[in-house]
Amino acid sequence: MHDHSGHHSHGVTPEALLSHMAEHNRSHLAELEHLADHLPDAAADQVQAACDLYRQGNELLASALLTLKESL
């Protein structure tokens, strides 16, 4: 696991924040996938469903970052 303390968005550009959040979410996704491998089937299925949503969210963040970069 990793520490969330000390992470603030003050003074950070929207581009940098989106990039950071996408990477941060990928880290959580890896942790959740590892966890799912060690859970009973019903719980693992639910965690895998959550992982699918994380992937969708990450795709949207990546798209938003690309859109932002194109508008600058």
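The values are calculated or read from the model by the stated rules, or taken from the named source; none is laboratory data. All values derive from a computational prediction rather than experimental measurement. Glycine gets a Cβ as well: all are built from the backbone with ideal geometry, and neighbour counts include every protein chain shown.
Residue pairs whose Cβ atoms lie under 8 Å apart, sitting 6 or more positions apart in sequence or on different chains, and linking a residue in segment 21-44 that is within 22 Å of L60 (Cβ to Cβ) to a partner that is modelled with pLDDT of 90 or more and of a type in the set (D, E, K, R), are L29/R55.
Every residue, every condition in (1) at pLDDT 90 or above; (2) in contact with a His (Cβ under 8 Å, 6 or more places away or on another chain); (3) exposed (fewer than 11 other Cβ atoms within 10 Å of the Cβ); (4) on the phi > 0 side of the Ramachandran plot, yes or no:
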{"position": "H4", "(1), (2), (3), (4)": "no, no, yes, no"}
{"position": "G11", "(1), (2), (3), (4)": "no, no, yes, yes"}
{"position": "L17", "(1), (2), (3), (4)": "yes, no, no, no"}
{"position": "D37", "(1), (2), (3), (4)": "yes, no, yes, no"}
{"position": "P40", "(1), (2), (3), (4)": "yes, no, yes, no"}
{"position": "A50", "(1), (2), (3), (4)": "yes, no, no, no"}
{"position": "N58", "(1), (2), (3), (4)": "yes, no, no, no"}
{"position": "L65", "(1), (2), (3), (4)": "yes, no, no, no"}
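In the set (1) of a type in the set (S, T, N, Q); (2) free of Cβ contacts under 8 Å to residues at least 40 places away in the same chain; (3) touching a helix residue (DSSP H, G or I) at 6+ places or on another chain (Cβ under 9 Å), the condition left unmet by Q56 is number (3).
Evaluated against (1) surrounded by 11 or more Cβ atoms within 10 Å (Cβ to Cβ); (2) in a helix (DSSP H, G or I); (3) at pLDDT 90 or above, A22 falls short on exactly one condition, (3).
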